[in-house]
Amino acid sequence: MSLIIFVVLLILCLSLVRKWVNKKFSYWTDRGFMQGDRAFPLGSLGGVGTKMIIAEKYDYYYNKFKGKTPAVGLYHFLSPVLLVIDTELMKNILVRDFTSFHGRGLFINKEDNPIGVNTFTLSGQEWRDRRVKLTPIFTSGKMKMMFELLDVLGDKLVRILEDQLQYTHELEMRSWLQRFTIDTIGNVAFGIEPNALEHENSELAFYGKKMSNITFLGIVRFMIGSEWPSLAKKLKIGFTPKDVNDYFLKIFVETLERREKSQIKRNDFVSLLLGLKDDYTNEELAAEAFIIFFGGFETSSSLMTFLLYELALNPDIQDRLREEIMTGIEENDGILTYDILFGFKYLDMIVNEGLRKYPPIPTTMRKTNKEYPIPNTKLVIPEGVIIPVNSFSFQRDPEYFSDPEKFDPERFNEENIKKIKPFTNIPFGEGPRICLGMRFGLMQSKIGITKMIKSFVIQPSEKTQIPIKLNLGNPLLAPEKGMWLKFTKI
């Protein structure tokens with residue numbers, strides 16, 4: 001008898017759970033929106049991490065619903081999100097009606113995870129105030145001040161790679177470029193010399209890679225923070241793991257104290273942030289140094305990795321770039337300067353095409369802070385909804401970029417760049433929340449590419465994966481098996 005009661009109760013509970021889940025999965029249809037696939041427990045994310053990255057999954061829905069609706073309802077597990085498909089709606093969200101979408105919807109915990117509270121994660125007036133204070137730090141004039149530091153490290157990269165050629169001409173360039181960006185950003189954001197190019201397992205490299213590697217525990221932490229923020233605070237969960245928080249806070253505060261005590265003056269972000277010490281606490285300044293590091297380490301190394309891949313597969317493009325670099329430097333008495341670097345037009349075209357085809361951050365997020373009626377429709381986006389903006393889809397859409405899988409820098413020549421439809425190529429985002437570190441990211445990427453192309457001929461090797469496949473365990477764009485290329489000294 002007791003077994004029968006147990007079975008009946010179990011069936012009843014399962015029925016109630018199923019009814020509750022079905023109710024959750026009717027969120028968008030109840031509001032008149034089209035919606036994508038959904039199944040418990042992943043919602044609309046089936047196959048993510050096993051067959052594709054999340055940007056590719058969004059791209060599947062983008063192509064399925066394009067022309068049918070300006071946005072399609074999806075589910076991150078049980079939470080409703082709205083994927084933007086129409087460029088006009090995207091323009092409204094990012095620029096025209098930005099006040100309705102100023103947040104990213106990321107969980108922050110000021111008490112237990114202070115470095116996770118920065119211009120990337122903040123929203124509202126607090127974000128606006130801090131953005132206004134920090135914007136002058138990222139002007140072209142400030143970047144020019146840091147150029148010499150990065151130029152020296154670019155030369156060091158070349159020397160290290162030359163040393164490697166004594167043993168092998170096949171180099172795994174993704175790891176080398178990660179080590180290069182760790183050294184550059186460690187220098188300018190934290191005022192330290194990580195020496196990652198010389199020591200693969202440097203401390204900064206360890207914690208930097210820990211932030212970019214997705215783990216099951218990291219996914220659980222993100223889910224709890226997104227779904228149950230009050231519980232996350234009780235569990236002391238934050239944007240970063242505790243050891244990452246403690247490490248970056250420690251090294252930044254130590255650098256600040258050392259600078260103040262010794263009156264050291266250096267052309268880097270630390271000195272610029274020190275100028276804001278009257279406005280912000282050490283923890284708040286450390287949070288901004290952290291996001292400079294996190295935002296530039298993986299993204300710039302990823303961009304350079306894919307650029308080397310395309311240059312290896314397209315020797316005519318590589319030769320033309322090398323000629324531009326050699327000529328420009330020779331005409332300046334053999335010296336590379338900030339102005340010379342940013343005067344390389346073909347390099348700029350190549351970098352722009354790399355950012356189009358391989359946007360390092362393929363998806364950005366916004367969150368509604370009030371109801372928003374979509375113009376020229378009867379649809380209303382509810383308050384508190386996360387909105388993924390998948391630049392990956394727009395930048396690989398053949399309607400906007402013919403033969404999108406082809407690497408073609410001529411898309412960005414002086415004439416063709418004028419024909420690109422607004423808001424179809426936004427690798428750094430757009431509007432008031434456009435990436436603050438864009439100029440720095442471009443500078444370190446261009447320095448790295450310039451130094452390597454000037455010094456080496458780069459070709460595919462036997463280990464080069466062609467066509468390239470993406471790493472399913474990384475939310476950013478990264479190659480599945482690293483990037484093996486053949487280097488020959490010029």
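The values are calculated or read from the model by the stated rules, or taken from the named source; none is laboratory data. What you are looking at is a predicted structure, and each value in this text was computed from that prediction instead of being measured. Cβ atoms come from the backbone with ideal geometry, glycine included; neighbour counts cover every protein chain shown.
With respect to (1) closer than 28 Å to Leu379 by Cα; (2) in contact with a helix residue (DSSP H, G or I) (Cβ under 9 Å, 6 or more places away or on another chain); (3) modelled with pLDDT under 95, the lone exception for Asp59 is condition (3). Out of the residues in the range 31-76 that are β-branched (Val, Ile, Thr) and assigned to a loop (DSSP other than H, G, I, E, B), state the one that is surrounded by the most Cβ atoms within 10 Å (Cβ to Cβ). The qualifying residue surrounded by the most Cβ atoms within 10 Å (Cβ to Cβ) is Ile53. Scanning the range 123-168 for residues that are β-branched (Val, Ile, Thr), over 12 Å from Leu197 (Cα atoms) and assigned to a helix (DSSP H, G or I) yields Val132, Thr135, Ile137, Val152. For the range 182-209, taking the residues that are crowded, with 23+ Cβ neighbours inside 10 Å and not in a helix (DSSP H, G or I), the one that is nearest to the chain's Cα centre (by Cα) is identified as Ala196.
The set of residues in the range 77-88 being buried (at least 20 other Cβ atoms within 10 Å of the Cβ) and closer than 17 Å to Asn369 by Cβ consists of Pro80, Val81, Leu82, Val84. Phe297 satisfies every condition listed in (1) under 11 Å from the mean Cα position of the chain (by Cα); (2) not in a helix (DSSP H, G or I) except (2). Test Asn113 against the criterion of being buried (at least 20 other Cβ atoms within 10 Å of the Cβ), over 22 Å from Ala478 (Cβ atoms), in contact (Cβ under 8 Å) with a residue 60 or more places away in the chain and touching an Asp or Glu at 6+ places or on another chain (Cβ under 7 Å), and give yes or no. The answer is no for Asn113. What about Phe107, is it buried (at least 20 other Cβ atoms within 10 Å of the Cβ), within 25 Å of Tyr247 (Cα to Cα) and either of a type in the set (A, V, I, L, M) or in contact (Cβ under 8 Å) with a residue 40 or more places away in the chain (or both)? Against the criterion (buried (at least 20 other Cβ atoms within 10 Å of the Cβ), within 25 Å of Tyr247 (Cα to Cα) and either of a type in the set (A, V, I, L, M) or in contact (Cβ under 8 Å) with a residue 40 or more places away in the chain (or both)), Phe107 qualifies.
What residue, among those in the range 84-121 that are aromatic (Phe, Trp, Tyr), within 23 Å of Glu430 (Cβ to Cβ) and not in a helix (DSSP H, G or I), is modelled with the highest pLDDT?
Phe101
Mind listing just one residue for me: the one in the range 224-248 that is among the aliphatic types (A, V, I, L, M) and part of a loop (DSSP other than H, G, I, E, B) and, of those, surrounded by the most Cβ atoms within 10 Å (Cβ to Cβ)? Here the residue is Ile237.
Within the set Ile214, Ile251, Ile291, the sole residue that is part of a loop (DSSP other than H, G, I, E, B) and either touching a Phe, Trp or Tyr at 6+ places or on another chain (Cβ under 6 Å) or modelled with pLDDT under 90 (or both) turns out to be Ile214. For the structure I just gave you, tell me whether Val81 is at pLDDT 90 or above, assigned to a strand (DSSP E or B), closer than 22 Å to Tyr400 by Cβ and β-branched (Val, Ile, Thr). When the stated conditions are applied, Val81 does not pass them.
Residues that are charged (D, E, K, R) and surrounded by fewer than 17 Cβ atoms within 10 Å (Cβ to Cβ) were ranked within the range 267-300; the one that is farthest from Gly141 (Cα to Cα) is Glu283.
Restricting attention to the range 467-490, which residues are of a type in the set (Lys, Arg) and either crowded, with 18+ Cβ neighbours inside 10 Å or not in a strand (DSSP E or B) (or both)?
The answer is Lys469, Lys481, Lys486.
For Lys367, the conditions (1) farther than 30 Å from Lys469 by Cα; (2) over 26 Å from the mean Cα position of the chain (by Cα); (3) of a type in the set (D, E, K, R) are fulfilled apart from (2). Here the range 259-292 is the region considered, the condition is being basic (Lys, Arg) and touching a residue at least 40 places away in the same chain (Cβ under 8 Å), and the residue that is farthest from Thr181 (Cα to Cα) is Arg259. Exactly one residue among Arg221, Arg174, Arg179 is more than 25 Å from Phe306 (Cα to Cα), assigned to a helix (DSSP H, G or I) and within 20 Å of the chain's Cα centre (by Cα), and that residue is Arg221.
Condition test on Gly328, is it in contact (Cβ under 8 Å) with a residue 12 or more places away in the chain, of a type in the set (Gly, Ala, Ser), out of contact with any Ser or Thr (no Cβ under 8 Å at 6 or more places or on another chain) and under 23 Å from Phe180 (Cα atoms)? The answer is no for Gly328. Within the range 419-453, track down each residue that is among the small types (Gly, Ala, Ser), buried (at least 23 other Cβ atoms within 10 Å of the Cβ) and assigned to a loop (DSSP other than H, G, I, E, B). Answer for the range 419-453, where residues must be among the small types (Gly, Ala, Ser), buried (at least 23 other Cβ atoms within 10 Å of the Cβ) and assigned to a loop (DSSP other than H, G, I, E, B): just Gly437. Please indicate, with yes or no, whether at least one residue in the range 454-464 is of a type in the set (Ser, Thr, Tyr) and either part of a strand (DSSP E or B) or under 17 Å from Pro359 (Cα atoms) (or both). Looking for residues that are of a type in the set (Ser, Thr, Tyr) and either part of a strand (DSSP E or B) or under 17 Å from Pro359 (Cα atoms) (or both), one finds none in the range 454-464, hence no.
Being surrounded by fewer than 18 Cβ atoms within 10 Å (Cβ to Cβ), of a type in the set (Val, Ile, Thr) and out of contact with any Lys or Arg (no Cβ under 7 Å at 6 or more places or on another chain) is a property that holds for Ile335.
Being more than 18 Å from Phe65 (Cα to Cα) and touching a Leu at 6+ places or on another chain (Cβ under 7 Å) is the filter here; which residues of the range 22-47 pass it? Selection gives Lys24 alone.
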